[in-house]
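What follows is a single structure, written as structure tokens, with notes after it.
A short reminder: the numbers here are calculations on the coordinates, not readings from a lab. Since we're looking at a predicted model, the values are computed, not measured.
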Amino acid sequence: MERTGSKLTESSDIEIIKRALDQADPAYSQAAFFTLYSRYNKGVRAHISKYVKSQEEVEDICMETFAKAFKQLSTYNQENKFSTWLFRIARNTAFDHLSHDKTLKSARLTIDYAALELIDIPSGDNSPEEDVIGNQDHERFISCIDTLPSLYKEVAQYCFVDNMEYRDISETTGLPINTVKTRIKRAKGIIIKRLSEEEEEGL
């Protein structure tokens with residue numbers, strides 16, 4: 001098979017991934033990696049921009065995303081869409097960046113259910129719970145928060161809607177920070193269960 005740039009750029013994601021992982025020809029493997037980057041870098045940047053305001057930070061997170069993806073490329077499950085796998089790594093990388101950023105309060109996160117999806121979910125293939133969350137619209141997500149038991153509703157609102165840090169939620173509510181973390185975790189579990197049940201009922 002003739003290995004030309006045009007042939008490579010016209011190939012499917014799966015074919016390009018196979019070639020990227022083929023170390024028989026390092027130069028061609030590198031070209032395959034570059035093709036994947038060229039194909040998806042704009043989409044990854046746009047995706048990260050939903051969570052991060054600073055374009056400089058977006059660029060850094062984008063490069064980190066591709067570095068992680070290429071390092072983990074051999075673990076990619078070809079039964080799933082490559083873009084879904086890649087964007088999940090981007091979201092997790094963005095959230096990890098924000099969670100360790102002392103200026104988190106100044107970062108402008110989009111108010112949507114994506115924040116829920118990112119918490120405690122590793123990069124990689126979709127879990128059934130993630131698929132359920134990913135299929136919900138914003139109104140249904142907000143509705144689920146509104147119907148939570150009062151014990152969890154307030155902290156869920158602060159965390160998922162107002163994007164407040166655990167420390168700030170603790171100071172606002174007067175609850176110990178570990179209690180805040182526990183209630184947010186349990187609120188997330190309740191929401192996932194309800195969305196899953198709704199999804200099953202709709203089948």
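Values as computed for the structure displayed
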| read-out | value |
| --- | --- |
| Greater than 20 Å apart at Cα, pairs in LYS53/LYS153; LYS153/LYS181; LYS18/LYS42; LYS53/LYS188 | LYS53/LYS153; LYS18/LYS42; LYS53/LYS188 |
| Volume per residue of the C-alpha convex hull in the range 10-109, rounded to whole Å³ | 97 |
| The range 10-109 - percent relative contact order, Cα under 8 Å, separation 6 or more | 30 |
| For the range 44-55, Karplus couplings with θ = phi - 60° (6.51, -1.76, 1.60), whole Hz, Gly/Pro x | 5, 4, 4, 5, 5, 5, 5, 10, 10, 7, 5, 5 |
